[in-house]
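Written out below as C-alpha cells is the structure these notes cover.
The values are calculated or read from the model by the stated rules, or taken from the named source; none is laboratory data. None of these values were measured; they are calculated from a predicted model. Glycine also receives a Cβ, built like all others from the backbone with ideal geometry; neighbour counts cover every protein chain displayed.
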Amino acid sequence: MGSVTGTLLSADDPRIAYAIKYAWEPTEPWNFGPYPRSAWLKHVENVLRELHPTANSDSLTLTARTLAPFPLQKPGVP
C-alpha cells in the first residue's frame, strides 16, 4: 500500500463553512441531498483549489474528506 502524500489545507472560506452547515438543507438551490456525496466533495475540492492553486490532488481530496459532514467509508484516505 502506498503512502499518503496529502496534507491538510487551510479551509478558511465562507463557502466551505456554508457547504458544511447547509449541505443537506432542502431549501438550498444547490442542495446535494444525501447522495451523491461525491458532488459535495467535488464542490469543496474546487473551492480549495481556488484557495490553494499549488496544492496537490491528494491534499485537496484529504482536506475535503476531512471536512465532510457525512460518514465516509475511509475518512482519512485521499
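Pairing residues of segment 48-62 that are among the charged types (D, E, K, R) with residues that are assigned to a helix (DSSP H, G or I) and surrounded by 20 or more Cβ atoms within 10 Å (Cβ to Cβ), at Cβ distances under 9 Å and at least 6 apart in sequence or on separate chains, gives 49/60. If you go through segment 13-25 and pick out every residue that is at pLDDT below 85 and assigned to a loop (DSSP other than H, G, I, E, B), you end up with 3. Just to be sure before I move on: is residue 66 modelled with pLDDT of 90 or more and in a loop (DSSP other than H, G, I, E, B) in the structure I sent? No.
Checking each residue in segment 26-59 for being more than 21 Å from residue 74 (Cα to Cα) and at pLDDT below 65 picks out 26, 27, 28, 29, 30, 31.
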